[in-house]
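Reading through the structure tokens given below for one structure.
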Amino acid sequence: MKRKYIAAPYIIWMSAFIVLPLIFVAYYAFTDKAGGFTLKNITAILDPLHIKATILSLELSLACTILCLLISFPLALVLRRLNMNNKGIIILIMILPMWMNSILRILALQMILSKNGILNMILSWFGIAPLSIINTPGAIVFGMVYDFLPYMILPIYNAVMDIDNDLIDAAKDLGASNPSVIWRIILPLSKLGIISGITMVFIPCLTSFVIPDILGGGKIQLLGNVIEQEFITSMNWHLGSGLSFALMIFVVIGLVFSEKQEKKDRESLVW
Amino acid sequence: MLENILSLNNITKSFDGELVLEDLSLDIKRNEFVTLLGPSGCGKTTTLRIIAGFVMPDQGSVLLEGEDITTLPTEKRCINTVFQKYALFPHMTVAENIAFGLKIKKKDDDYIRQKIKYALELVNLTGFEKRKPRSLSGGQQQRIAIARAIVNEPQILLLDEPLGALDLKLRQDMQKELIRLKKELGITFIYVTHDQEEALTMSDKIVVMNQGYIQQIGTPEDIYNEPQNAFVADFIGSANLLAGTMIHDELVSINDVRFDCVDKGFGNNKPVDVVIRPEDVEIREKGQGIFPAVVTSVLFKGVHYEIFAKGIGIDWMIHTTAYHEVGAEIDLYVKPFNIQIMNKPESEDEAVIQTE
Ligand SMILES: Nc1ncnc2c1ncn2[C@@H]1O[C@H](COP(=O)(O)OP(=O)(O)OP(=O)(O)O)[C@@H](O)[C@H]1O
Ligand SMILES: [Mg+2]
């Protein structure tokens with residue numbers, strides 16, 4: 001009996017800050033300004049301007065996720081290899097930026113990448129002409145990687161470190177070379193960490209608007225920016241909610257898919 | 001073909017400045033069942049890992065079939081290991097585990113299928129192909145680990161306390177199974193254990209180790225009957241370990257009582273270690289033994305009684321099938337050839353007898 005009450009604060013919290021807002025979003029998404037039911041706000045995602053923003057969002061998020069993965073997995077392998085007692089310190093350094101305000105970090109990045117910024121100053125010392133990095137999709141991806149990398153590193157690092165050394169010895173004992181050990185043992189055994197890393201990076205990328213705003217100079221419209229503008233500039237909560245809702249459907253589909261994959265992996269795995 | 005399949009020559013290894021193996025040399029013959037036996041931390045696993053190639057020795061060389069493999073990486077050695085904690089790949093089925101080494105060697109599917117079938121038959125686990133390691137019992141997992149190693153047809157199979165995690169009954173079954181496997185496969189087994197009984201039952205040759213040194217190499221009978229020093233005597237089976245003085249050839253004095261023995265060449269009036277196995281101490285009627293004693297405890301051990309009796313200032317451990325009451329006054333007798341004389345240890349590491 002008493003156990004029910006222990007959960008009460010959480011249930012109240014979840015209702016107030018998760019379920020209720022969701023209901024509001026859904027309400028606005030399916031109604032028009034007059035309060036009548038409509039699907040227009042949802043289907044608005046299909047008009048060319050929004051499609052363009054969606055595709056660009058997907059592309060940039062994908063690029064960011066892949067880059068994070070390409071940095072994190074080898075890093076985890078190197079850290080595992082390193083016979084160091086202070087691996088914790090390296091991890092601390094990697095996640096240290098998380099302790100700083102995200103917007104502050106992105107603003108700093110804007111200064112570094114800008115036309116007269118530090119990066120171009122350094123490049124000029126080597127006689128390289130100033131690059132226009134800022135306000136490009138590349139700058140946005142750079143910012144996303146910078147911002148979300150820790151969320152990829154941590155789960156992958158944990159998964160890779162959890163692998164029993166005996167398994168790696170056993171694989172070598174059976175004739176596996178180093179790449180073979182990584183491919184056949186370490187990668188499959190850290191799959192869950194990799195999947196959770198991908199989820200934790202891809203989804204925030206898809207919905208982010210601050211990074212494209214600051215590093216894209218307002219010229220590059222991602223889905224997040226479109227939604228933000230509907231809410232803040234156009235004050236059209238109905239359309240904003242509708243687009244948010246459509247985006248949420250994307251995310252949920254993605255999650256269900258990865259969850260299924262996970263389940264399948266747990267049960268059986270093909271060689 | 002060389003007689004020795006594997007030779008370790010003057011191997012020295014230290015970890016963080018701590019000497020773990022010192023000047024260890026060992027020859028292993030083709031088809032032998034060799035057991036490395038010793039207390040925890042004596043360097044058994046390290047020796048095995050040097051043979052497998054997981055650890056590089058600081059000094060010395062490893063020869064396989066006369067060829068120097070000291071620096072050859074693990075994956076290139078024709079040696080396979082059965083790990084103490086099985087180390088089965090959790091994300092693969094039993095069949096995938098067994099096939100792992102063969103896949104790496106790019107064997108064709110038919111060959112692999114046959115090998116899996118053969119190996120599972122050999123370890124009595126036919127029909128387990130599709131199971132995941134997690135769904136198997138400890139004994140079954142251990143057998144799969146053995147199957148996974150032997151399908152690669154290694155020249156030498158290394159087993160690091162493979163039965164350590166199993167309960168007594170299962171361990172005894174697996175001991176028999178391993179002996180059968182060894183016969184069927186006809187390959188060299190190098191086995192690590194700290195269980196002396198296991199070593200005595202299974203091995204052709206036992207290497208007794210302590211603190212990184214080899215104490216004695218010999219057949220189980222040799223090691224048991226003719227221990228070379230007090231450490232070996234104490235570690236293998238139970239023993240009465242005594243400090244004595246060799247008066248002259250064939251006569252030793254223990255606590256001022258003289259015993260006839262058969263050992264010679266220790267010099268005159270030299271302190272020595274003496275070993276007498278508990279089954280070699282005979283209880284006799286009063287007046288018919290060498291010295292008197294009083295029974296202090298009796299324990300029934302299944303096939304024999306373990307009796308402790310105090311005589312000439314020593315607690316004697318006696319194994320006998322005849323019952324004697326606590327407090328009984330008896331005489332004890334030891335046949336001359338059952339008294340083992342050994343030199344006092346040269347290094348402190350070997351000293352297990354504290355002389356009073
Ligand atoms: N990788 C390592 N780093 C540091 N010290 C080690 C390492 N491997 C082994 N040692 C040390 O070397 C000594 C011998 O270890 P080893 O594992 O060979 O003993 P063992 O005879 O197998 O003992 P056990 O019966 O407990 O398994 C121990 O003191 C151990 O702490
Ligand atoms: Mg060990």
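The values are calculated or read from the model by the stated rules, or taken from the named source; none is laboratory data. Quick caveat, the model's predicted, so the values are computed rather than measured. For neighbour counting, all protein chains shown are included, and Cβ atoms are generated from backbone atoms with ideal geometry for every residue, glycine included. Note: accessible area is taken over every heavy atom of the protein model, side chains too, but ligands, DNA and RNA are not part of it. Shrake-Rupley method; radii C 1.70, N 1.55, O 1.52, S 1.80 Å.
Mind checking the angle between helix B:138-150 and chain B's longest principal axis? C-alpha axes, 0 to 90 degrees, to the nearest 10.
In chain B, helix B:138-150 runs at an angle near 70 degrees to the longest axis.
Under a point-charge model restricted to the Cβ atoms of Lys and Arg (+1) and Asp and Glu (-1), what is the dipole moment magnitude of region A:18-265 relative to its Cα centre, in debye to the nearest 20?
Values: 15 positive and 15 negative charges, 55 e Å.
Rounded to the nearest 20 debye, it is 260 debye.
For region B:4-225, how big is Rg over Rh, using alpha carbon atoms and the Kirkwood form of Rh?
Expressed as Rg/Rh, it is 0.96.
Projected onto the charge dipole of region A:128-271 (+1 at Lys/Arg Cβ, -1 at Asp/Glu Cβ, origin at the Cα centre), which of A:253, A:203, A:167 gives the Cα projection farthest towards the positive end?
A:253
Given the alpha-carbon gyration tensor of the protein assembly as shown, what are the semi-axes of its equivalent ellipsoid in whole angstrom, ordered largest first, with each equal to the square root of 5 times an eigenvalue?
The equivalent ellipsoid of the protein assembly as shown has semi-axes of 72, 28, 25 Å.
Tell me the carbon and sulfur percent of the accessible area for region B:64-211, rounded to whole percent, probe radius 1.4 Å.
49 percent
Return the equivalent ellipsoid semi-axes of region B:1-57 as a descending list in whole Å, where each equals the square root of 5 times an eigenvalue of the C-alpha gyration tensor. Present the calculation step by step, with values, prior to reporting the outcome.
On the way: eigenvalues 94, 32, 18 Å².
For region B:1-57, the semi-axes come out at 22, 13, 10 Å.
Give me the residues in region A:135-180 whose solvent-accessible area, probe 1.4 Å, is reduced by at least 20 Å² once all protein chains are included instead of the chain isolated.
A:166, A:167, A:169, A:170, A:172, A:173, A:174, A:175, A:176
Per the helix-only calculation at 222 nm, which mean residue ellipticity applies to the protein assembly as shown, given -39500 (n - 2.57) for every DSSP H run of n ≥ 4 and division by its residues, nearest 500 deg cm²/dmol?
Numbers: 22 runs with 276 residues, N = 627.
Calculated from helices alone, the mean residue ellipticity at 222 nm is -14000 deg cm²/dmol.
Quick check: the distance between the Cα centres of region A:147-222 and region B:31-73, to the nearest angstrom?
Value for the Cα centre distance between the two parts: 37 Å.
Can you give me the span-like helices of chain A, meaning DSSP H runs with 18 Å or more of Cα extent along the axis and Kyte-Doolittle mean at or above -0.5? The partial results should precede the final answer.
Working: long enough: A:2-14 (19 Å, 0.12); A:48-81 (49 Å, 1.49); A:137-161 (34 Å, 1.28); A:191-207 (24 Å, 1.68); A:237-267 (44 Å, 0.24).
Span-like helices here: A:2-14, A:48-81, A:137-161, A:191-207, A:237-267.
In whole angstrom, note down how far apart the Cα centers of region B:106-141 and region B:159-175 are.
Their Cα centres are 20 Å away from one another.
Using 0.36 nm per residue of separation minus the Cα-Cα distance, give me the extension gain between residue B:121 and residue B:15 in nm, one decimal. Each step should come with its number before you reach the end.
Numbers: separation 106, 0.36 × 106 = 38.16 nm, distance 4.15 nm.
Length gained between residue B:121 and residue B:15: 34.0 nm.
Is region A:53-171 rounded, prolate or oblate when judged by the Cα gyration tensor, a ≥ b ≥ c being the square roots of its eigenvalues, rounded requiring a/c under 1.5 and prolate requiring a/b larger than b/c?
Details: a/c = 2.27, a/b = 1.83, b/c = 1.23.
Note, shape of region A:53-171 comes out prolate.
For residue B:176, list the lysines whose Cα falls under 21 Å from its own Cα; do not include residues on the same chain fewer than 8 positions away.
List returned: B:85, B:205.
Rounded to the nearest 5, what % of the DSSP beta bridges within chain B are antiparallel ones?
75 percent
Obtain the nm distance between the two label points defined at residue B:76 and residue A:158 by a simple spin-label model: each point lies 7 Å from its Cα along the Cα-to-C-beta direction.
Between residue B:76 and residue A:158, the label points sit 4.0 nm apart.
Can you give the angle from 0 to 90° between the axis of helix B:168-185 and the longest principal axis of chain B, with both taken from C-alpha atoms, to the nearest 10?
Approximately 60 degrees, to the nearest ten.
Name the residues of region B:93-121, by number, that are at least 30 Å² less accessible with every protein chain in place than in the isolated chain; the surface is that of heavy atoms, probe 1.4 Å, without ligands or nucleic acids.
With the partner chains in place, region B:93-121 has these residues losing at least 30 Å²: B:96, B:100, B:103, B:104.
Highest mean first, how do A:47-57, B:309-319, B:106-116 rank when packing is the count of other Cβ atoms within 10 Å averaged over residues? Each step should come with its number before you reach the end.
On the way: A:47-57: 15.1, B:309-319: 17.9, B:106-116: 13.4.
Highest-to-lowest ranking by the protection proxy: B:309-319, A:47-57, B:106-116.
For a test of the definition: using alpha carbon positions, the gyration tensor, and the 1.5 limit on a/c, classify region A:171-271 as rounded, prolate or oblate.
oblate
What share of the DSSP beta bridges in the protein assembly as shown is antiparallel, in percent to the nearest 5?
75 percent
Roughly how crowded by other chains is peptide B:72-84, in terms of the mean Cβ count from those chains within 10 Å of each of its Cβ atoms? Please list the in-between numbers first.
Working: counts 0, 3, 7, 10, 3, 3, 1, 1, 4, 6, 2, 6, 1.
Whole-number average of other-chain Cβ neighbours for B:72-84 is 4.
With a 1.4 Å probe and every protein chain kept in, tell me what percent of the accessible surface of region A:37-109 is carbon plus sulfur.
Details: 3390 of 4470 Å².
Reported share for carbon and sulfur atoms: 76 percent.
Taking both sides together, what accessible area is buried at the A/B interface, probe 1.4 Å, expressed in Å² and rounded to the nearest 100?
Answer for the A-B pair: about 2200 Å² buried.
When ligands, DNA and RNA are left out and all protein chains stay put, how many square angstrom of accessible area per residue does region B:239-343 have with a 1.4 Å probe?
50 Å²
With the Cα gyration tensor of region B:239-343 in hand, give its eigenvalues times 5 under a square root as the equivalent ellipsoid semi-axes, listed largest first in whole angstrom.
Taking √(5λ) for each eigenvalue gives 26, 13, 11 Å, largest first.
So what's the convex hull volume per residue for the Cα atoms of region B:86-208, in Å³?
Given the Cα convex hull of region B:86-208, per-residue volume reads 106 Å³.
Highest mean first, what order results for A:21-28, B:275-282 on Cβ atoms within 10 Å?
B:275-282, A:21-28
If you place +1 on the Cβ of every Lys and Arg, -1 on the Cβ of every Asp and Glu, and leave all else neutral, what size is the dipole of the protein assembly as shown about its Cα centre, to the nearest 20 Debye?
In total the dipole reaches around 3840 debye.
With just the Cα atoms of region A:24-72, tell me how far they stretch along each of the three principal axes, in Å, largest first.
For region A:24-72, the Cα extents along the three principal axes come out at 50, 25, 11 Å.
Please provide three numbers in whole Å: the alpha-carbon extents of region A:18-265 along the principal axes, with the largest listed first.
Taking max minus min along each principal axis of the Cα atoms, region A:18-265 gives 71, 54, 30 Å.
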